[in-house]
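Visitor: First, the structure itself, so that you have it in front of you.
The values are calculated or read from the model by the stated rules, or taken from the named source; none is laboratory data. Remember, predicted model here, so these are calculated numbers, not experimental data. Neighbour counts are summed over all protein chains in view; Cβ atoms, including those assigned to glycine, are modelled from backbone coordinates with ideal geometry.
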Amino acid sequence: DVKVTQSSRYLVKRTGEKVFLECVQDMDHENMFWYRQDPGLGLRLIYFSYDVKMKEKGDIPEGYSVSREKKERFSLILESASTNQTSMYLCASSFRGRGNSPLHFGNGTRLTVT
Amino acid sequence: SQELEQSPQSLIVQEGKNLTINCTSSKTLYGLYWYKQKYGEGLIFLMMLQKGGEEKSHEKITAKLDEKKQQSSLHITASQPSHAGIYLCGAGRDNYGQNFVFGPGTRLSVLP
C-alpha cells in the first residue's frame, strides 16, 4: 500500500512565523503535490513537483514556497505565516507518465495561524 | 482552464436507498478519478476511469465515464452509514498525471 505521511496532524503558529510542512512518500513516485482545502473553495493546488529539485506553481502559489531535495520528500514553506493561511493542507503523490495514475493523499495537516 | 462541477452539493438519504453523484467537465478529461474523504482526513482513492464508456464497480459503488469523457457518475447501491463522507471527482489537466484539478465535492449523509 502506498503511504504518504505528513509530519503533523495539527499545527498552531503565530503570524509572521516561518512554517515548514513536511511530506514523505514511500512508493518512489515522481510527482508530489501540495493542496489546501477550505470550506466553499474545495481543493486548490499550491505547488507540484515532477522530479527532484523541480517545481511548478499551481493555482495559488503566493505566500508559499516548496523544496524537493530528495525524491521521497516534498516540503511546503510558509515564509511569513498569515491568518489567511489557516487551512487544511494536503500532500499527495503519484507516478508520472502517460496513462495517468491516481494521486495518493496523506491525512492532512490542519494549520491554524493566530 | 478545466474546471469540474459536481451535483448535488449535498445529499441526505435513508439507509438502504440508492443514490447518484455527478461530475461534469467543460473539456475532455484525461482520466477521471473518484475519491472519498472523511471529515478532517485525507482523500481515499476509490476508482479511476480512462476510456469513454468505461464502467467500474467496487463493492456497492459503481462509477461510469460517458463516451465523450466529459461526464462521470458515481452510483451507490443500498447505501450504508459507512458510505457517509465527501465524494470528490478529480482529473488531470494533462496526460502526464500532473497538475490535477478537483471538483468541489458532494457531502453525503446516510441516516440509519
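Visitor: Out of all the residues in segment B:48-65, is one or more more than 17 Å from B:SER109 (Cβ to Cβ), away from chain A (no Cβ under 14 Å), out of contact with any strand residue (DSSP E or B) (no Cβ under 8 Å at 6 or more places or on another chain) and among the acidic types (Asp, Glu)?
Guide: Yes, that holds for at least one residue.
Visitor: Follow-up question, since we're still on this one. Condition first: farther than 19 Å from B:ARG93 by Cα, of a type in the set (Val, Ile, Thr) and out of contact with any helix residue (DSSP H, G or I) (no Cβ under 9 Å at 6 or more places or on another chain). Can you find one or more residues in segment B:32-44 that meet it?
Guide: yes
Visitor: Same structure again: Can you pull out the residues in segment A:63-73 that are assigned to a strand (DSSP E or B) and closer than 21 Å to A:ASP38 by Cα? Step through it out loud before you land on a result.
Guide: Initial filter on segment A:63-73 (assigned to a strand (DSSP E or B)): A:64-70, A:73.
Answer for segment A:63-73, where residues must be assigned to a strand (DSSP E or B) and closer than 21 Å to A:ASP38 by Cα: A:TYR64, A:SER65, A:VAL66.
Visitor: While we're looking at this one, here's another question. Select from segment A:75-114 the residues that are part of a strand (DSSP E or B), more than 11 Å from the chain's Cα centre (by Cα) and among the β-branched types (Val, Ile, Thr) and write down the one among them that is surrounded by the fewest Cβ atoms within 10 Å (Cβ to Cβ).
Guide: A:THR112
Visitor: I'd like to check something: does segment B:83-90 contain any residue that is away from chain A (no Cβ under 14 Å), in contact with a strand residue (DSSP E or B) (Cβ under 9 Å, 6 or more places away or on another chain) and buried (at least 16 other Cβ atoms within 10 Å of the Cβ)?
Guide: Within segment B:83-90, the subset away from chain A (no Cβ under 14 Å) is B:83-84.
Narrowing the set further to residues that are in contact with a strand residue (DSSP E or B) (Cβ under 9 Å, 6 or more places away or on another chain) leaves B:83-84.
Then keep just the ones that are buried (at least 16 other Cβ atoms within 10 Å of the Cβ); that gives B:83-84.
The answer is yes, given that some residue of segment B:83-90 is away from chain A (no Cβ under 14 Å), in contact with a strand residue (DSSP E or B) (Cβ under 9 Å, 6 or more places away or on another chain) and buried (at least 16 other Cβ atoms within 10 Å of the Cβ).
Visitor: Looking only at segment A:23-38, decide whether some residue is farther than 17 Å from A:HIS104 by Cα, out of contact with any helix residue (DSSP H, G or I) (no Cβ under 9 Å at 6 or more places or on another chain) and at pLDDT below 95.
Guide: Taking segment A:23-38 and keeping what is farther than 17 Å from A:HIS104 by Cα, we get A:38.
Okay, now just the ones that are also out of contact with any helix residue (DSSP H, G or I) (no Cβ under 9 Å at 6 or more places or on another chain), so A:38.
Still in the running and at pLDDT below 95: A:38.
There is at least one residue in segment A:23-38 that is farther than 17 Å from A:HIS104 by Cα, out of contact with any helix residue (DSSP H, G or I) (no Cβ under 9 Å at 6 or more places or on another chain) and at pLDDT below 95.
Visitor: Quick check on segment B:20-31. Is at least one of its residues among the hydrophobic types (A, V, I, L, M, F, W, C), closer than 30 Å to A:LEU11 by Cβ and crowded, with 21+ Cβ neighbours inside 10 Å?
Guide: No, the conditions are met nowhere in segment B:20-31.
Visitor: Inspect all residues belonging to segment A:63-71 and state whether any of them is closer than 26 Å to A:THR15 by Cβ, surrounded by 18 or more Cβ atoms within 10 Å (Cβ to Cβ) and in contact with a helix residue (DSSP H, G or I) (Cβ under 9 Å, 6 or more places away or on another chain). Break it down stepwise before answering.
Guide: The first filter runs over segment A:63-71 and keeps only residues closer than 26 Å to A:THR15 by Cβ, leaving A:63-67.
If we keep only those that are surrounded by 18 or more Cβ atoms within 10 Å (Cβ to Cβ) too, we end up with A:64, A:66.
Going one step further and asking which of them are in contact with a helix residue (DSSP H, G or I) (Cβ under 9 Å, 6 or more places away or on another chain), we end up with A:64.
Yes.
Visitor: From the list A:MET32, A:MET54, which residue is surrounded by 19 or more Cβ atoms within 10 Å (Cβ to Cβ), within 14 Å of chain B (Cβ to nearest Cβ) and either within 25 Å of B:CYS89 (Cα to Cα) or among the aliphatic types (A, V, I, L, M) (or both)? Lay out the reasoning, then the answer.
Guide: On the way: A:MET54 fails: surrounded by 19 or more Cβ atoms within 10 Å (Cβ to Cβ).
Residue meeting the stated conditions: A:MET32.
Visitor: Determine whether A:GLY40 is farther than 17 Å from B:PHE100 by Cα, more than 14 Å from the chain's Cα centre (by Cα) and within 14 Å of chain B (Cβ to nearest Cβ). Give the steps one after another, and end with the answer.
Guide: Working: farther than 17 Å from B:PHE100 by Cα: yes; more than 14 Å from the chain's Cα centre (by Cα): yes; within 14 Å of chain B (Cβ to nearest Cβ): yes.
Yes: the conditions hold for A:GLY40.
Visitor: Considering only segment A:64-101, how many residues are at the interface with chain B (Cβ under 10 Å from one of its Cβ atoms) and within 18 Å of A:GLN6 (Cα to Cα)? Before you say what the answer is, go through the steps one by one.
Guide: First, pick out the residues of segment A:64-101 that are at the interface with chain B (Cβ under 10 Å from one of its Cβ atoms): A:88, A:90-92, A:94-101.
Going one step further and asking which of them are within 18 Å of A:GLN6 (Cα to Cα), we end up with A:88, A:90-92, A:94.
Going through segment A:64-101 one residue at a time, the tally reaches 5.
Visitor: Let me ask something else. Just to check your reading of the model, which residue among B:SER57, B:SER79 is part of a loop (DSSP other than H, G, I, E, B) and over 11 Å from the mean Cα position of the chain (by Cα)? Give the derivation first.
Guide: On the way: B:SER57 fails: part of a loop (DSSP other than H, G, I, E, B).
Result of the check over B:SER57, B:SER79: B:SER79.
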